[in-house]
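K.L.:
Sharing a structure here in structure tokens format.
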Amino acid sequence: QLSLARSYDKKGETDPALRVSNLILEKYPQQVDVLKLKADLLDKKDEADSAIAVLEKAYQLAPFDIDLNYSLAFKYAENKNPRVVSLCDSLIKKDSLNLHAEPYYYKGIYFSNINDKVKAISLFDQAIQHDYYYLNAYIEKGRVQFDQKKFSDALKTFQLANTISPKFPDAWYWMGKCQEAMGDKENARINYLKAYGLDQTFTDAKEAADKLK
């Protein structure tokens with residue numbers, strides 16, 4: 001049944017996948033994998049509160065599941081739920097070797113979303129200190145700097161991400177955004193096209209390039 005639900009999900013048939021997941025959970029309500037799948041399906045239907053409630057139930061059953069912790073933390077952060085702070089602090093406390101960047105990153109997203117930009121940048125910096133190759137942390141930090149209209153600082157952040165991974169389309173796109181904001185439309189268009197060249201689904205990059213023709 002779980003394979004069937006996943007098959008529906010893979011084909012983009014969210015409602016049938018959700019129905020099968022619910023049937024499984026009626027018989028086996030403590031199946032964490034099914035709860036995680038159900039939360040993902042609800043998220044695809046833009047039912048964020050319901051998805052969080054399902055993830056919280058899964059977390060009560062399996063608080064040791066790191067991937068589940070991260071999924072819940074990300075959902076909290078996306079939806080401005082302050083519970084992300086205590087959850088991430090508990091993950092940091094458990095990280096005796098001080099290796100994981102994710103808790104700092106999720107807290108950074110939360111503080112960015114509630115418009116505490118200074119705190120957000122500090123947390124993204126901490127994420128990067130824990131994992132120099134954590135590209136999403138560079139992107140989120142740069143986006144905050146961009147929102148603050150610190151275009152030069154933001155460009156440097158995106159360029160650093162680009163140096164780490166030249167095949168990361170988001171870095172090219174945001175470099176272009178900064179250059180456009182600074183009046184360098186020629187290089188901005190080049191970088192938008194590089195982003196689109198790396199990811200043909202990146203329509204925002206293509207549209208941004210087309211506007212600068």
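The values are calculated or read from the model by the stated rules, or taken from the named source; none is laboratory data. All values derive from a computational prediction rather than experimental measurement. Reconstructed Cβ throughout: ideal geometry from the backbone, glycine too, with neighbour counts over all protein chains shown. Keep in mind that these areas ignore ligands, DNA and RNA; they rest on the heavy atoms of the full protein, side chains included. Shrake-Rupley method; radii C 1.70, N 1.55, O 1.52, S 1.80 Å.
K.L.:
Return yes or no: is Leu18 touching a residue at least 12 places away in the same chain (Cβ under 8 Å), surrounded by fewer than 17 Cβ atoms within 10 Å (Cβ to Cβ) and either in contact with a Phe, Trp or Tyr (Cβ under 9 Å, 6 or more places away or on another chain) or over 17 Å from Phe74 (Cα atoms) (or both)? Talk me through it step by step, then tell me what you get.
P.N.:
Details: touching a residue at least 12 places away in the same chain (Cβ under 8 Å): yes; surrounded by fewer than 17 Cβ atoms within 10 Å (Cβ to Cβ): no; either in contact with a Phe, Trp or Tyr (Cβ under 9 Å, 6 or more places away or on another chain) or over 17 Å from Phe74 (Cα atoms) (or both): yes.
Answer is no for this residue.
K.L.:
For residues that are among the small types (Gly, Ala, Ser) and in contact with a Leu (Cβ under 7 Å, 6 or more places away or on another chain), scanning just region 129-166, find the one that is surrounded by the most Cβ atoms within 10 Å (Cβ to Cβ). Break it down stepwise before answering.
P.N.:
So in region 129-166, the residues among the small types (Gly, Ala, Ser) come out as 137, 142, 152, 154, 161, 165.
Then drop every residue that is not in contact with a Leu (Cβ under 7 Å, 6 or more places away or on another chain), which leaves 161, 165.
Details: Ala161: 25, Ser165: 13.
The selected residue is Ala161.
K.L.:
Which pairs do you get when a residue that is free of Cβ contacts under 8 Å to residues at least 12 places away in the same chain, found in region 109-125, comes within reach of a residue that is not aliphatic (A, V, I, L, M), reach meaning Cβ atoms under 6 angstrom, with the pair 6+ apart or on two chains?
P.N.:
Here the result reads Lys119/Phe111, each pair linking region 109-125 to a residue that is not aliphatic (A, V, I, L, M).
K.L.:
For a quick check of your reading of the model, give me the residue pairs whose first member lies in region 174-203 and is within 20 Å of Ser152 (Cβ to Cβ), whose second is open to solvent by 70 Å² or more (accessible area, probe 1.4 Å) and of a type in the set (A, V, I, L, M), with beta-carbon atoms closer than 9 Å and at least 6 apart or on different chains.
P.N.:
Gly176/Ile190; Gln179/Ile190; Ala188/Met182
K.L.:
Okay, moving on. For region 72-90, enumerate the residues that are in contact (Cβ under 8 Å) with a residue 24 or more places away in the chain and assigned to a helix (DSSP H, G or I).
P.N.:
At the first step, the residues of region 72-90 found to be in contact (Cβ under 8 Å) with a residue 24 or more places away in the chain are 73-82, 84-85.
Within region 72-90, Ala73, Phe74, Lys75, Tyr76, Ala77, Glu78, Val84, Val85 qualify.
K.L.:
Using beta carbons and a limit of 8 Å, which pairs, at least six apart or on different chains, have the first residue in region 35-46 and closer than 15 Å to Lys10 by Cβ and the second one among the hydrophobic types (A, V, I, L, M, F, W, C)?
P.N.:
Leu37/Leu2; Leu37/Ala5; Leu37/Ala17; Asp40/Ala51; Leu41/Ala17; Leu41/Leu18
K.L.:
Sticking with this one: Go through region 46-78 and report how many residues are polar (S, T, N, Q), more than 12 Å from the chain's Cα centre (by Cα) and open to solvent by 20 Å² or more (accessible area, probe 1.4 Å). Steps first, answer last, please.
P.N.:
We begin by selecting, within region 46-78, every residue polar (S, T, N, Q); these are 50, 60, 69, 71.
After this cut, where a residue has to be more than 12 Å from the chain's Cα centre (by Cα) as well, the list is 50, 60, 69.
From what is left, the residues that are open to solvent by 20 Å² or more (accessible area, probe 1.4 Å) are 50, 60.
Residues meeting the conditions: 2.
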